[in-house]
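Below is one structure, written out as structure tokens, with a few remarks after it.
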Amino acid sequence: MRIYLLGFSGCGKSTLAKKLAKQLNMPYLDLDTCFENEAGMSISSFFQQFGEEAFRKKESELLQATAHIEHCVIALGGGTPCYNDNMQWIKAHGWSVYIVMNEKALYDRVKNHVDKRPLLAGAENLQACIRQKLCDREPYYMQADMQVQGVNINVRQLAQEIKEKGGF
């Protein structure tokens with residue numbers, strides 16, 4: 001069983017992956033951390049040096065490499081499901097959970113860490129940028145097998161719902 005957590009930057013995918021994995025007695029993996037380890041640099045540095053297209057290609061390769069992991073909770077990058085038919089691949093290879101948050105909550109979470117988020121860094125109006133990107137990405141996110149509100153998640157309850165709905 002592979003469980004893919006998806007959602008906008010700052011929604012809490014990495015934190016939730018750790019907690020959910022513990023609840024389900026499974027390991028967890030953060031795709032962004034894997035990327036940085038393999039690239040030997042931060043995602044922001046990679047973006048600056050090689051551009052978004054190279055990043056998305058490598059990100060898709062890392063995603064597909066998760067097919068070799070049998071049981072794991074995997075936190076995806078915010079844009080991972082939105083490129084290179086990745087959402088179809090995710091649905092074919094695991095159970096997906098969209099962590100839903102509104103633009104104001106996302107803004108509050110990322111406003112002080114925007115330098116680590118290359119697609120938001122340098123935005124003239126950060127909240128408007130988040131609104132637009134969320135609008136663009138939501139059609140992909142909504143294809144997830146399950147949606148959960150990102151504020152005050154009850155991890156034990158979420159684990160139980162995943163077991164029931166996912167047939168695990």
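Computed from the coordinates by the stated procedures, all read-outs in this text should not be read as laboratory data. Computed from a predicted model, the values in this text were never measured in an experiment. When we count neighbours, we look across all protein chains shown, and the Cβ atoms used for this are built from the backbone with ideal geometry, even at glycine.
Overview of results
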read-out: Single condition Tyr107 does not satisfy, out of (1) touching a residue at least 24 places away in the same chain (Cβ under 8 Å); (2) more than 27 Å from His68 (Cα to Cα); (3) buried (at least 16 other Cβ atoms within 10 Å of the Cβ); value: (1)
read-out: Residue match in the stretch 25-40 (condition: more than 17 Å from Gly79 (Cα to Cα), crowded, with 18+ Cβ neighbours inside 10 Å and in contact (Cβ under 8 Å) with a residue 40 or more places away in the chain); value: yes
read-out: Residues of the stretch 63-81 classified as surrounded by fewer than 19 Cβ atoms within 10 Å (Cβ to Cβ) and in a helix (DSSP H, G or I), total; value: 4
read-out: Failed item in (1) surrounded by 15 or more Cβ atoms within 10 Å (Cβ to Cβ); (2) under 30 Å from Phe50 (Cα atoms), with Glu124 passing the rest; value: (1)
read-out: Where Met41 falls short, out of the listed (1) outside any helix (DSSP H, G or I); (2) of a type in the set (A, V, I, L, M, F, W, C); (3) closer than 24 Å to Ile130 by Cβ; (4) over 11 Å from the mean Cα position of the chain (by Cα); value: (3)
read-out: Residue match in the stretch 90-97 (condition: surrounded by fewer than 14 Cβ atoms within 10 Å (Cβ to Cβ) and out of contact with any Ser or Thr (no Cβ under 9 Å at 6 or more places or on another chain)); value: yes
